[in-house]
Amino acid sequence: MHRYNAWLPPPVAAATTKEKQSFAAVVSSVKESYSTDDPESVYSTLKWISVIDLFIKAKSEVSLEDVAALVEFGLKVFNASQDKLYAQVRWGNVLVRLLNKFRKKLTLRVDWRPFYDTLVHTHFTRNTGPEGWRIRQRHFETVTSLVRSCRRFFPPGSAHEIWSEFRSLLENPWHNSAFEGSGFVRLFLPTNVDNEDFYSREWINECIFQWDSIPNCQFWNSQWAAIMARVIKNYKFKNWEDLLPELFSRFLNMFEVPVASGGGSYPFTIDVPRNTRFLFTNRSQTPAKAMAKSIVYLLKPGSLAQQHFDKLVNLLEQYYHPSNGGRWTYSLERLLFHLVYTFRKRLQREKENPDTNERIELCLGKSERESFVSTVLKLIDRGQYSKNEHLSETVAAATSILSYVEPSLVLPFLVSRFHMALETMTATHQLKTAVTSVAFSGRSLFYMSLSASSMETDDVNDADMFSDLLMISLTNALLGMDANDPPKTLATMQLIASIFSNMRTLDDSDNLSFMPAERFSEWLDEFLCRLFSLLQHLEPSSVLNEDVHSPATSGTFLVEDGPQYFCMLEILFGRLSRSLYNQV
């Protein structure tokens, strides 16, 4: 039983055991409502899609045989419903959800050709159907999502068939068909175990040759960077050492950062056809996610990838500085986010599945983790006080994640930057970012202060440093509540909620790990005094941002800019004992 269902009232939880039979009945009813002789009967199956959605949302325990049967039936209906875009969108969306949820438990064989025929028939020919552009756009997004979910189930030989199908489109890089070909290769090419033999060294060399054929085109770079990233991730045992200089040079070139007085953009860019850019769209100009995935999965014990990564960061870190911001800041922020997120996913996978297909010599050890974290800290150090809100938030989140990976490196860095921000309290954006970073890393700070206090002398000093940081941050949090500085106030409330959410119920006679009981009682009194002062001086947001379109009544930033205020009060009051609660 799923843990969510285990918390239901006992009669309701007992009734969830019958959902396996209920799901089997739904699958049977869906099949009965469709007739292969009547193409229009597909519309009679749509009423069951909302019911299937309920089983997915309810965390129900269902039979994998029933799920596989439903997926196979849904793919059959999807492929048979040509020119019925609405029906394909509905079935495609529910199939994507089913495949994404049960992808590691299902054993299917899915042919890629019907998906390609659907795309060509609907979107790459002059098909004058009655549907408008919005449903056609949703249809393309649904089909491409379904292909990405089905790639792991493509049978052996599919990679060779797909490459043979689209290779001819890539022969003339100056023809518009080359862009379509690269988009199709990126979309369809599978990197599952069944097609592992296709990815020989000769193919990789040919892939890089195709990548070289069109310079100065971010669309082209995005397609091939994504293909290479998937190959690097899923086939880590391949030797990439001699290709590392070329790969990292391409990564650096794709960022288009300025040098000296230059603009940083390609001087002679290549235009991609509008329809191709619309269909194979990129969410950002620079493929930061693909680059981060490649970098993280190129790291191996004894590999030179870490050295090349260090060189890349040494060149890029200056553009994370607040004074060097520009149009490239977004792509750099995405790179930092995906580096840390992908690194965490790799470590989690290696820890949870140590005996699966991962070779022990390819798993990251302590030295590899320390080297990666030390390198990423350079980017965090530069970008921590950025005036770009997205970058500063990403820095705080990255600091939190890495504080669990290598706390001995990250937490002392966090302590030093927090003290530095306190010395320059007039620079409010620095203090706000430092407070947010401590709030995000609150649980890691508690873990280290408690675990280090029971170890040898050096670790005891570290424990005192972390405990002092918690006490100083909680004390200075009272100064951070300012009606005239909403960002700093919300960050302060987030810090208070973070600290107390990691503590047990507080008694009036218990000493905290970082504050005596008497001082905590005084802190509560001072906290309420400053909170009431804040509430008295608050003004509605319409007064602070008054214009002709402002509504007559408007809430304050405590209500409109996030839930930090109510979360702080609920968590703080929920941790107090009866006597402290009465005092408050």
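The values are calculated or read from the model by the stated rules, or taken from the named source; none is laboratory data. Please read all numbers here as calculations on a predicted model, not as lab measurements. Here the Cβ positions follow ideal geometry from the backbone for every residue, glycine too, while neighbour counts run over all protein chains shown. The accessibility values were calculated without ligands, DNA or RNA, using every heavy atom of the protein model including side chains. Shrake-Rupley method; radii C 1.70, N 1.55, O 1.52, S 1.80 Å.
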(message) I'd like the Kirkwood hydrodynamic radius of region 27-154, using the inverse of the mean 1/r over distinct C-alpha pairs, in Å.
(response) 15.1 Å
(message) Using the Cα centre of region 312-420 as origin and beta-carbon charges of +1 (Lys, Arg) and -1 (Asp, Glu), tell me which of 340, 403, 329 is placed farthest towards the positive end of the dipole.
(response) 329
(message) Could you give the length gained by full extension between residue 194 and residue 80, i.e. 0.36 nm per residue of separation minus their alpha carbon distance, to one decimal place?
(response) 38.4 nm
(message) Just to be sure I understand: if I project the alpha-carbon convex hull of region 122-174 onto a plane and average over all orientations, what area do I get in nm²?
(response) 5.4 nm²
(request) Could you tell me the largest-minus-smallest coordinate of the C-alpha atoms of region 287-437 on each of the three principal axes, in descending order and whole angstroms? (result) 53, 31, 21
(request) With +1 on each Lys and Arg Cβ and -1 on each Asp and Glu Cβ, and nothing else charged, work out how big the dipole of the chain is about its Cα centre, in Debye to the nearest 20. (result) 1600 debye
(request) Between residue 164 and residue 102, take the C-beta separation as r, use R0 = 35 Å, and let me know the FRET efficiency to the nearest 0.05. (result) 0.65
(request) Would you rank 175, 390, 2 by solvent-accessible area, highest first, keeping every protein chain in place and using a 1.4 Å probe? (result) 390, 175, 2
(message) Calculate the FRET efficiency for residue 318 and residue 504 from the Cβ-Cβ distance with a Förster distance of 60 Å, rounded to the nearest 0.05.
(response) 0.85
(message) What figure, in Å² to the nearest 10, do you get for the accessible area of residue 202 with a 1.4 Å probe and non-protein molecules left out?
(response) 130 Å²
(request) Per DSSP H run of at least 4 residues, take -39500 (n - 2.57); add these up for the chain, divide by its residues and hand me the 222 nm value, nearest 500 deg cm²/dmol. (result) -20000 deg cm²/dmol
(message) Treating only the Cβ of Lys, Arg, Asp and Glu as charged (+1, +1, -1, -1), what charge dipole size does region 76-151 show about its Cα centre? Round to the nearest 20 debye.
(response) 460 debye
(message) Is there a quick way to get the dipole size of region 307-351? I mean about its Cα centre, with the Cβ of Lys and Arg at +1 and of Asp and Glu at -1; what is the value in debye to the nearest 20?
(response) 300 debye
(request) When you have a sec, figure out the Kirkwood radius of region 178-241 from all distinct Cα pair distances and drop it here in Å to one decimal? (result) 12.3 Å
(message) Keeping all protein chains in place and using 1.4 angstrom, which order do 323, 449 fall into by accessible surface area, from largest down?
(response) 323, 449
(request) Determine the sum of side-chain charges near residue 131: Lys and Arg each +1, Asp and Glu each -1, restricted to other residues whose C-beta is under 10 angstrom from that of residue 131. (result) +3
(request) Compare the Cα positions of 446, 26, 114 along the charge dipole of the chain (+1 at Cβ of Lys, Arg; -1 at Cβ of Asp, Glu; about the Cα centre) and return the one farthest towards the positive end. (result) 114
(request) For region 96-199, go through all pairs of different Cα atoms, get the mean of 1/r, take its inverse, and jot down that Kirkwood value in Å. (result) 14.9 Å
(message) If I compute solvent accessible area with a 1.4 Å probe over the protein chains, what percent of it on the chain is carbon and sulfur?
(response) 51 percent
(request) Pull up all non-local amide H partners of residue 576: gap of 5 or more, or a different chain, and H-to-H distance under 5 Å with H placed in the peptide plane. (result) 506
(message) Run the simple label-point estimate for residue 484 and residue 35 please: 7 Å along Cα→C-beta, distance reported in nm.
(response) 7.7 nm
(request) Could you state the accessible area per residue of region 141-294 in Å², with a 1.4 Å probe and every protein chain left in place? (result) 44 Å²
(request) Order 537, 121, most accessible first, counting only protein heavy atoms with a 1.4 angstrom probe. (result) 537, 121
(request) Using only Cα atoms, tell me the angle between helix 428-440 and the longest principal axis of the chain; keep it within 0 to 90° and round to the nearest 10. (result) 80 degrees
(request) Just grab the label-to-label distance for residue 560 and residue 109, each label 7 Å out from Cα along the Cβ direction, in nm (one decimal). (result) 6.1 nm
(request) Starting from one equal scatterer on each C-alpha and no solvent at all, send me the Debye-based log10 I(q)/I(0) for the chain at q = 0.07, 0.10, 0.12, 0.13 Å⁻¹, two decimals. (result) -0.58, -1.12, -1.35, -1.39
(request) Calculate, for residue 269 and residue 378, the FRET efficiency according to 1/(1 + (r/R0)^6) with r their C-beta to C-beta distance and R0 35 Å; round to the nearest 0.05. (result) 0.70
(message) Need one number: nm distance between label points at residue 311 and residue 419, each 7 Å from Cα along Cα→Cβ, rounded to one decimal.
(response) 3.7 nm
